[in-house]
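S.K.: Next up is a structure, given as structure tokens.
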Amino acid sequence: MHLTLTTDDPKLYGRRLSHEWRTLLLGLLLCCLALIWLMTAALFHARSRSIEEHAQNMAQAQLNLASIQFEQQFTLLRTALQHRALEREASALPAPIDNLDELWLIPQQGAPRALGGSSNRPPLPIQALARGLVSRPADGAPFVLLPPPLQFSISKRIPFLLPACNRSGACRASYYGSFNASDWLPALLRDTPGSQIRLFNRAGQLLIQSTPAPAETQSPSSWRRLAQWLTLLPSPHMEASALVPSIPLRITVAVSTRGTWSTDRSLPLLLLGSTLLSALLVFFGIVGNRLHHQARRERRQLDEHTALLALSNANLKKKLHKLASTHQDLQALLDTIQVGVLILHPDRHEVTTANMAAGRLFGLHISELIGRSILSLLAEPADVEGCESLLDQGLGISDREIQLRDGGGKIFWSQVSMRRVRFNDHHSIVMSVVDISERMSHNQQLQREKQETERLVKQLQEMQHELYERATHDDLTGVANRPHFLQQAQQAYRQALRQGTPLGLAIIDLDMFKLVNDTYGHDAGDLVLQQVAMACESCLGEGQQLGRLGGEEFAILMPHCDYAQAIELAEQVKRKIAELIISYHDDRIRVTLSIGVSCWSPQDRPLLIGRLFKLADLALYQAKETGRNRVVPARALNCLEP
């Protein structure tokens with residue numbers, strides 16, 4: 001089967017129509033460009049002619065002003081010099097002449113004479129010219145302006161010659177002087193930027209010029225010469241010239257057009273805008289043509305790809321059907337697992353697959369779980385970094401307790417395990433989740449009960465310690481009470497028997513304590529008992545114990561002490577109390593002690609602990625009878641035998 005193309009073929013007709021439209025658009029583009037440039041050139045030409053006309057008018061106005069100014073100044077100068085000649089003829093004192101830098105009188109015979117200004121004589125050529133002027137005065141042109149030796153600026157002087165004639169017209173001398181032309185010009189002409197004034201004498205010699213010619217300040221560029229040739233730019237400057245016949249003096253004024261042209265911002269902007277518009281049109285034309293060719297190439301490629309896709313469409317459908325079946329089987333397999341399972345992307349940590357148990361666990365449908373980031377399901381996002389670190393090291397995560405957040409924002413405890421696997425020919429992360437909220441709640445309840453039990457046990461121990469302290473210690477002085485002290489003494493005596501070490505005992509009684517109570521009151525007596533107990537305890541060593549037997553009577557238990565050591569400690573206690581001063585309000589109370597000491601040594605036969613107390617009590621009684629404030633040992637009584 002052969003394919004024939006005719007003019008009725010829609011594809012061929014479309015290509016021909018597209019070619020005609022491109023040709024038409026290209027022609028319209030060229031016409032727009034030509035129209036834009038013609039309008040821009042017309043505007044530039046009109047603006048150039050306007051600038052030239054404005055510069056010509058300015059030059060003519062400045063020329064008229066300069067002509068009037070110079071004619072007035074020369075008329076005043078000629079009148080002043082003629083009056084000076086008449087005054088000299090009348091032998092009167094000549095009046096000074098203003099606006100002159102110097103003035104000399106050069107006679108026909110003789111040396112020049114200075115009349116004012118510089119003291120330097122005129123050069124000899126000037127003198128010869130002045131004498132020749134006297135012999136042949138110029139009719140109608142009394143002034144002779146001389147060119148300076150160099151081309152000075154407007155601020156320099158102009159020399160002149162003028163015959164000095166009397167009333168009869170006879171001239172025997174000439175005036176030679178110079179004036180500053182800048183002082184003669186108006187300030188408006190001196191300060192006008194872009195303007196130049198040149199002065200010529202009758203012979204056409206240049207006397208001075210104000211500044212370099214405006215057209216010569218800088219050479220025009222190539223594009224400026226081309227624009228002037230096309231009459232798009234005005235002439236560099238416009239001139240106006242006039243002759244002042246009474247001097248005679250020719251004045252030429254040139255005004256630059258560049259200042260007006262450079263300050264006119266609209267023309268450059270217009271030129272720039274037209275250029276940019278033209279460039280954009282050309283750019284769009286080129287881009288459109290390229291896009292058209294690219295679209296044609298892409299259309300051909302698209303047709304080829306469509307054909308290839310049509311050929312492989314059947315195979316692709318079979319593969320997709322097989323893949324869908326495999327996915328359904330895997331999903332069914334996951335749904336049979338009663339533990340929540342999530343398949344995560346290894347890099348983005350997004351859920352790609354989940355089972356129904358995971359949906360129930362998080363309170364979401366499986367479709368709502370897929371695409372979620374694991375960060376939104378974790379109560380603590382920092383747990384992700386720890387899990388990633390273990391997975392990167394090739395280690396799995398087993399039974400890690402992590403707090404998760406369900407779809408409603410509720411936080412629950414879970415036991416998580418994670419492994420890197422290959423799922424559907426892709427690397428993935430399998431995450432299993434077990435809800436352990438109930439177990440964690442039970443553990444927390446047990447922990448709270450444990451803490452409460454520990455608190456109650458501690459409180460009970462404190463109460464037991466407090467009861468023990470109250471049962472074994474005296475409430476007033478804080479030392480051991482009588483029952484506890486007797487128990488400690490019995491234990492110390494048994495230990496002394498076992499170890500074969502001596503045991504000392506001292507019983508202390510405050511002297512005249514009833515007098516303290518009667519004199520200062522019971523509060524003072526209680527204070528005395530407390531201070532005495534503290535002073536006694538400060539004298540005791542390690543293992544020695546102080547107890548209150550009752551009232552103002554105390555006892556000291558001294559393990560490992562024989563009579564000498566026991567008596568020495570008793571004497572130390574007696575001295576300590578004798579030096580003690582107890583302040584009570586404004587009173588100072590002092591007390592003394594009577595001490596009876598008894599001792600058991602391994603050489604003595606065993607006896608009851610009560611016997612040891614009895615001996616110490618007899619020694620105390622002996623101390624009271626013999627004057628108080630003393631220590632009496634029981635061995636001095638010879639009553640150690642029962």
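The values are calculated or read from the model by the stated rules, or taken from the named source; none is laboratory data. Note that the coordinates shown come from a computational prediction; the quantities given were computed from them, not determined experimentally. Neighbour counts run over all protein chains shown; Cβ positions are idealised from the backbone, glycine included. For accessibility, only protein heavy atoms count, side chains too; no ligands or nucleic acids. Shrake-Rupley method; radii C 1.70, N 1.55, O 1.52, S 1.80 Å.
S.K.: What's the number of the only condition in (1) modelled with pLDDT of 80 or more; (2) of a type outside the set (S, T, N, Q); (3) closer than 30 Å to VAL351 by Cβ that ARG482 fails to meet?
M.R.: Of the numbered conditions (1) modelled with pLDDT of 80 or more; (2) of a type outside the set (S, T, N, Q); (3) closer than 30 Å to VAL351 by Cβ, the odd one out for ARG482 is (3).
Conditions tested, residue by residue: (1) assigned to a loop (DSSP other than H, G, I, E, B); (2) at pLDDT below 80; (3) open to solvent by less than 40 Å² (accessible area, probe 1.4 Å).
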| position | (1), (2), (3) |
| --- | --- |
| SER414 | no, no, yes |
| ARG419 | no, yes, no |
| HIS427 | no, yes, no |
| MET440 | no, yes, yes |
| LEU446 | no, no, no |
| GLU452 | no, no, no |
| GLU469 | no, yes, no |
| GLY478 | yes, no, no |
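S.K.: Kindly evaluate LYS458 against the criterion of being without any contact (Cβ under 8 Å) to a residue 12 or more places away in the chain, of a type outside the set (A, V, I, L, M), assigned to a helix (DSSP H, G or I) and not assigned by the TED database to the domain that holds VAL591.
M.R.: Taking the combined requirement at face value, the residue satisfies it.
S.K.: So how many residues does segment 563-594 have that are out of contact with any Lys or Arg (no Cβ under 6 Å at 6 or more places or on another chain), within 13 Å of LEU529 (Cα to Cα) and part of a loop (DSSP other than H, G, I, E, B)?
M.R.: 4
S.K.: Next question. Kindly indicate whether any position in segment 487-505 is of a type in the set (Val, Ile, Thr) and buried (at least 18 other Cβ atoms within 10 Å of the Cβ).
M.R.: No: zero hits.
S.K.: Specify which of the listed residues (ALA138, ALA128) is open to solvent by 20 Å² or more (accessible area, probe 1.4 Å) and either touching a Cys at 6+ places or on another chain (Cβ under 9 Å) or at pLDDT 75 or above (or both).
M.R.: ALA128
S.K.: If you scan segment 48-79, which residues turn out to be crowded, with 17+ Cβ neighbours inside 10 Å and hydrophobic (A, V, I, L, M, F, W, C)?
M.R.: Passing the criteria: ILE51, ALA55, MET58, ALA59, LEU63, ALA66, PHE70, PHE74, LEU77.
S.K.: Any residue at all in segment 605-617 that is among the aromatic types (Phe, Trp, Tyr) and open to solvent by 50 Å² or more (accessible area, probe 1.4 Å)?
M.R.: No, segment 605-617 contains no residue that is among the aromatic types (Phe, Trp, Tyr) and open to solvent by 50 Å² or more (accessible area, probe 1.4 Å).
S.K.: Identify, by number, the condition in (1) modelled with pLDDT of 80 or more; (2) under 21 Å from ARG84 (Cβ atoms) that GLY117 doesn't meet.
M.R.: Of everything listed in (1) modelled with pLDDT of 80 or more; (2) under 21 Å from ARG84 (Cβ atoms), GLY117 misses just condition (1).
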